[in-house]
Each structure stands twice: as C-alpha cells, then as structure tokens.
1. Please give the average number of partner chain Cβ atoms lying within 10 Å of the Cβ of each residue in A:188-195, rounded to a whole number.
2. Counting only heavy atoms of protein chains, what accessible area per residue, in Å², does chain B have with a probe of 1.4 Å?
3. Lys and Arg at +1, Asp and Glu at -1: add these up for the other residues within a Cβ distance under 15 Å of B:Lys113 and post the number.
4. Please give the average number of partner chain Cβ atoms lying within 10 Å of the Cβ of each residue in B:182-195, rounded to a whole number.
5. Take every residue in peptide A:92-105, count the Cβ atoms of other chains within 10 Å of its Cβ, and give the average of those counts.
6. For helix B:180-191, report the angle its Cα long axis makes with the longest principal axis of the Cα atoms of chain B; keep it between 0 and 90° and round to the nearest 10°.
7. What ranking, highest mean first, results for peptides B:169-175, A:32-38 when packing means the other Cβ atoms within 10 Å averaged over each residue?
8. Considering the Cα trace of chain B, what is its radius of gyration and what is Dmax, both in angstroms?
Amino acid sequence: MKDKRKYRVVIIEPSVIVQKGIESIIISSGCEFEIVGLFSDFSHYSSFSYTLDPDIFLVNPGIIAFNRKDSIKNYLPESVNVPVAALLYMHVNGESIRQFNGYIDIYDNAAKITDKLREFILKNNSSEVISESFDLSEREKEILISVTSGNTNKEIASNFSISIHTVMSHRKNIIRKIGIKSVSGLTVYALLNGLIEQ
Amino acid sequence: MVVVSYENIINMENKLLSAEMKMADLINSYPRLLRLIPRFGMKLGFGEERVKDVCLKADVSPTLFLLICNISAFNNSLPKKSEIKQLNISQLINYLKASHSEYIIKYIPELEKSIVSVAGDVNCNSRSANVISHFFDEYKEELLSHLSYEENIVFPYIANILHKKITIGYSIEKFEENHSNIDIKLSDFKNILLKYLPADCTSQSRYDALENLFILEKEVEIHSLIENKILVPHVSFLENLQSK
C-alpha cells in the first residue's frame with residue numbers, strides 16, 4: 001500500500017477555469033492530495049504518462065463522450081489500473097458515465113469532492129487485492145458445488161464451519177469471477193466444468 | 001451511477017428528439033428506434049412526414065411516442081413526474097403488448113432455433129448439449145410465464161383501475177418484485193454461451209444465439225425500464241387517486 005504519501009491526482013479537463021478551480025479546491029482541502037498533472041486532453045497527458053504515477057484520474061467525460069463507441073480505457077495504457085472519475089458539469093449520456101469509477105459533480109462542495117476521490121482510490125485498491133486471480137479457488141469451488149445442490153447460505157456456513165458473512169463474500173467473488181448469478185446458471189457452470197455430475 | 005441531482009441535465013436530452021423532426025431523420029439518427037414503429041402500429045414509407053404527423057395517423061400520442069423513443073435511445077432519460085401523470089396509459093399498454101408478442105413470435109423462436117442447432121451439432125458432446133438445452137428450456141418457460149403474468153394479471157388489473165373497478169389483494173407494488181430474475185438469467189445464459197460451453201460446440205448457430213441474446217438483453221432492459229419507471233409510477237398515481 002502507498003502509505004503516508006499524498007494521493008497523486010491527474011486532471012484532464014479542457015477548460016482552464018475549471019482546471020484551476022478544481023485544483024485549488026483539492027489543494028486547499030489539506031495535505032491528502034496533490035495535483036501531479038493538469039491536461040486539456042489525453043494526448044497531452046500521454047507524453048508524461050510514465051513519470052506521473054497517478055492514483056486517480058479526474059476526467060471531463062466531454063472529451064470522450066462525443067463518440068458513443070469510444071471507451072475511456074482506450075485512452076489509458078493497458079498497464080494502468082488506476083480509478084478514473086468523471087468531472088461532470090454538462091450533460092453526458094449514461095453509457096459513458098458507467099465507464100467511470102464514479103463522478104464528481106461540479107456542485108459538490110470541497111469536502112464531498114475529497115471524500116469521493118478518497119473513496120474511489122480506496123475502492124480500487126481493495127478490488128485490486130482480491131482480483132489477483134480470475135479462476136475460482138478450491139474453497140470457492142466447494143461453495144459453488146454446495147450452492148448447486150440447493151443448500152442455503154446458512155446450511156453452507158454450518159457445513160463448512162464458517163460465518164454466513166464469509167459464505168456471502170465467497171458467493172460474491174464467485175459471481176464476480178464467472179459472471180453468473182442464478183442458481184441454475186451456476187449449476188450449468190458446474191456441470192460443464194465437471195465439478196458435479198448430472 | 002447517475003442520481004437525482006442529474007435529472008435536469010438528463011432531461012435536456014429530451015429536447016434532442018422533437019415532434020417536429022422528420023420521422024425518417026429520427027430513425028436514421030437512432031436506428032434502434034426502428035423496432036418501435038411496428039409496435040406503435042405505424043407503417044414505413046413516411047416520406048417527409050414529421051414525427052407528429054406519423055403519430056396522428058397511427059392515433060398515437062406524440063408525447064408517449066417521444067417518451068418511449070427517449071428511453072430506448074438514451075437509457076437514462078426518464079420522464080418527469082408531471083409527464084408521467086399525463087400519460088396515455090392504454091396506448092402504453094398496447095405498446096408493451098406488441099413488444100411481448102414480438103418476443104414470443106420473433107426473438108424466442110429465433111433463439112430456440114439457434115440453441116437447438118448448437119445442441120444438435122455433431123462436434124458438441126452430449127452432456128454439454130443436454131445442459132445447454134435444459135437451461136434454455138427453463139429460461140424460455142420463465143420468460144413466457146413472466147410475459148403471461150403481465151398479460152393476464154397486471155394489464156387486466158390496470159384496465160380495471162381505468163374503469164374505476166377495484167381488484168382486491170393486488171397492487172402494482174407487487175409487480176416490480178417479479179422482474180429481476182428474467183434479466184439475471186439472460187445475462188447468465190449469455191456468459192455460458194460466450195465463456196463456458198466448450199470450444200468444440202462452436203458453430204455459426206452459437207454466434208447467432210449470442211447476437212440474439214445481446215439484442216434480447218437490451219430489449220428486456222429497456223422494456224423493464226419502461227415498466228418500472230413509467231408504467232408502475234403511473235399506476236401507483238392512479239391507485240392513489242382511486243383511494244381518495
């Protein structure tokens with residue numbers, strides 16, 4: 001974890017007025033954040049990309065929203081796994097917004113802005129730790145098998161001597177990894193992967 | 001996630017689509033809206049007619065038509081409360097019914113055809129074939145029973161309200177609980193075909209099935225949005241009027 005150092009923020013925003021405004025809000029909010037780059041678009045950013053090492057991007061979605069097929073990920077080097085927050089003060093369609101890890105509204109006050117930035121950074125860090133592997137762990141496979149034989153969370157918890165909370169978190173991870181939610185979908189997964197017999 | 005404070009800004013988008021536009025321009029700009037035309041009982045061959053002319057001819061409220069266009073073209077553009085109150089509910093129900101029969105007559109059979117062909121492929125082992133056919137059958141049954149629930153319970157209930165009759169023991173609140181399963185299974189099905197059915201079971205039909213599922217997923221998503229964000233609020237509004 002990146003302890004005891006400031007979170008590094010890169011702002012990509014075409015309006016100088018807005019750039020300066022958000023910069024001064026973030027800086028004046030204390031010592032938690034520093035602005036390591038202010039750019040009017042991604043092409044200006046990319047020439048510095050290897051030296052800045054940001055913890056979060058704050059991006060005006062207007063610079064990508066003009067083309068619906070465009071994805072924010074296309075603008076970032078593949079290796080970059082840094083949250084990207086939208087800075088909203090004009091209309092952006094919903095599909096474009098969903099690509100971001102969250103958004104900051106131009107009407108948010110300073111406290112809310114820094115709270116949100118922190119939240120996006122921390123959320124991203126924690127998911128990074130969990131998603132080390134896309135494959136199901138042995139324990140997750142056992143839980144999955146148990147789910148497909150119709151056991152409730154409570155039954156699974158007592159069979160494996162773990163808390164219900166742990167069962168739920170295993171189930172969440174299973175869903176996140178394989179993208180299947182329903183019990184019958186999970187059964188199909190288990191059958192196709194030879195985890196259970198028909 | 002877009003929340004309430006953004007509502008005004010989203011509504012700006014409504015102004016993009018206007019009853020004064022040429023209908024042909026509307027469809028050219030948002031091809032997804034083509035499917036709405038037959039569901040509203042409109043016919044192609046608009047020539048230079050404006051949206052409102054085509055609506056008038058088909059006896060459809062231009063407001064309702066634009067509302068559905070807005071939701072279908074930009075998922076997020078939800079109507080204001082005042083718009084919901086003034087809605088032409090029987091026309092909306094006709095639209096929903098027409099979408100239902102399109103699912104039953106077109107999408108489900110097409111999907112079924114592709115799945116039967118995936119499962120019947122000689123390279124696909126019998127276990128995978130069974131599993132996938134079984135999952136489809138279950139999904140189909142659920143989807144059909146959901147549609148028939150709406151046709152046989154929900155819509156008649158609303159018709160009763162419109163005729164100032166009271167149905168005991170039912171209220172529109174119960175409706176929303178019923179929805180989410182359909183979406184979840186659809187997405188599961190998509191992932192199974194995309195990721196987990198073995199590579200040997202790959203024929204053109206598997207691609208067809210997936211394309212069909214992507215379209216159906218979008219359709220069902222918008223359909224649920226219309227029902228949950230327009231139909232249900234309007235009916236609760238009517239329920240409140242009635243109970244006064």
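The values are calculated or read from the model by the stated rules, or taken from the named source; none is laboratory data. Note that the structure is predicted; figures quoted are calculated from it, not measured. FYI the Cβ positions are ideal-geometry reconstructions off the backbone, even for glycines, and counts take in every protein chain you see. Just the protein is used for accessible areas: all its heavy atoms, side chains included, with ligands, DNA and RNA removed. Shrake-Rupley method; radii C 1.70, N 1.55, O 1.52, S 1.80 Å.
1. Details: counts 12, 6, 2, 8, 10, 2, 1, 0.
The mean count of partner-chain Cβ atoms within 10 Å per residue comes to 5.
2. On the way: 12260 Å² over 244 residues.
Here the per-residue accessible area is 50 Å².
3. Details: positive: B:Lys106, B:Lys140, B:Arg206; negative: B:Glu110, B:Glu112, B:Asp121, B:Asp137, B:Asp208, B:Glu211.
Net charge around B:Lys113: -3.
4. Values: counts 0, 1, 4, 5, 2, 5, 12, 5, 3, 7, 7, 0, 1, 5.
Rounded to a whole number, the mean comes out at 4.
5. Partner-chain Cβ atoms within 10 Å, mean over residues of A:92-105: 3.
6. Roughly 40 degrees between the two axes.
7. A:32-38, B:169-175
8. 20.1, 65
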